Amino acid sequence: MYVRILVPLDGSITSLHGLDEAIRLCALTQSTLRLLHVVNELKYAHGICGPNAQGSDLVTEMEEAGAQILRQGRDRANAAAVRAETMLFSMMAARVADIVTEQARAWPAELIVLGTHGRGGEQRTLLGGDAEQVLRRAPVPVLLVRKSRTNASLVAADAVA
């Protein structure tokens, strides 16, 4: 079974659904979680977030927010008696999916669990599709967790080579 499970968190409800599913898996298998948060500095460096974005001040605030997201995730895992490590990354040019797959190799993870909105088509194109990119590049199986309006549904997929 899985001993090392990597869970990227971005603070969204969707990522928490992925975390909750990973916690359930870990509780069954005595696995260890590694929680990962990525601050994308490039988005802020070019003023995409608006004219009031102040470079390093904003990045520092985002790193602090990311650390808080990771603490909350670790606390959630610990409350379920699951061991969880945390890692915060700030990056300028890489994609979030690249960091996730690099960390899956480096740790080495045996499973990646991601919350996903389950968007397709035009919505996915406009909003990025980080989950799809992780799925395509992952060196290990990926479990995509989608929360529907009425209940949670799981989409399991092996990484595409």
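Here, each number is a calculation from the coordinates, and none is a lab measurement. Since the model is a prediction, treat every value here as computed from it, not as a measurement. Cβ atoms come from the backbone with ideal geometry, glycine included; neighbour counts cover every protein chain shown.
Around Gly18, with a cut-off of 14 angstrom between Cβ atoms, what is the net charge of the other residues, counting Lys and Arg +1 and Asp and Glu -1?
For residues surrounding Gly18, the net value is +1.
Which ³J(HN,Hα) values, rounded to whole Hz and listed in residue order, are derived for the range 78-95 from phi using the Karplus coefficients 6.51, -1.76 and 1.60 in 6.51 cos²θ - 1.76 cosθ + 1.60 with θ = phi - 60°, glycine and proline given as x?
Running phi through 6.51 cos²θ - 1.76 cosθ + 1.60 with θ = phi - 60° gives 4, 4, 9, 6, 10, 6, 9, 9, 10, 9, 10, 10, 10, 9, 9, 10, 6, 8 Hz.
Using 0.36 nm times the number of residues separating Asp57 and Met87, minus their current alpha carbon distance, what extension gain do you get?
Full-extension gain reported as 8.7 nm.
Once amide H atoms are placed 1.01 Å from N in the peptide plane, what residues at a sequence separation of 5 or more from Thr116, or on another chain, have their amide H within under 5 Å of its amide H?
Those lying under 5 Å, H to H, from Thr116 are Val145, Arg146, Lys147.
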